[in-house]
Amino acid sequence: MSEPHHRIFSMSFARIHSLYVAKVERKGHARADVDEVTRWLTGYDQPGLDDAIERDVDLETFFAESPAFNPNATLITGLICGIRVEEIEGPLMQRIRYLDKLVDEVARGKKMASILRG
C-alpha cells in the first residue's frame, strides 16, 4: 500500500529551505548550518543541493533524487509537530520530518556533532 499523498509533498524545496534558513538566522545561526544538516541527511553535495533549489523541485522530487539517504537517520528521535519522528509510518513524510527535526536542533543551538549523530 502506498503512502497517502500529503499537500506538503508538492511544496517547493526552495521555499521550505528558505523558511529553514530564516528560522535558524533568527536564532543566530547560518544557512551553512542548514545546508550541512541537509547534506548529511540526503547525501547531496553543495552543488547538488544548490541545483535542487535552483530547479525549484518539490519535496517529493528532492527526496526521491537524494543521492544517499543517511542510514543514521534512524538515530533521529523526538517530537516534531507533536508527533514522534521515529513512529511516522510514511517514508517520505518521515524523511521530511527528520529534516525538520535537524533544523530545529540547529535553531536551538545544539552542537553539530550531536545533531549529525556523530
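Structure above, values below:
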read-out	value
Helices (runs of 4 or more DSSP H) contained in region 1-71 and holding at least 2 residues among the charged types (D, E, K, R), open to solvent by less than 50 Å² (accessible area, probe 1.4 Å) and at pLDDT 95 or above	31-42
Scope region 94-112; condition more than 19 Å from Gly28 (Cβ to Cβ) and either open to solvent by less than 30 Å² (accessible area, probe 1.4 Å) or of a type in the set (Gly, Ala, Ser) (or both); matching residues	Ile96, Tyr98, Leu99, Asp100, Lys101
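The values are calculated or read from the model by the stated rules, or taken from the named source; none is laboratory data. Fair warning: this is a prediction, and the values are worked out from it, not measured in the lab. Virtual Cβ from ideal backbone geometry, glycine too; neighbours counted across all protein chains shown. In case anyone asks, the SASA skips ligands and DNA or RNA and just uses the protein heavy atoms, side chains included. Shrake-Rupley method; radii C 1.70, N 1.55, O 1.52, S 1.80 Å.
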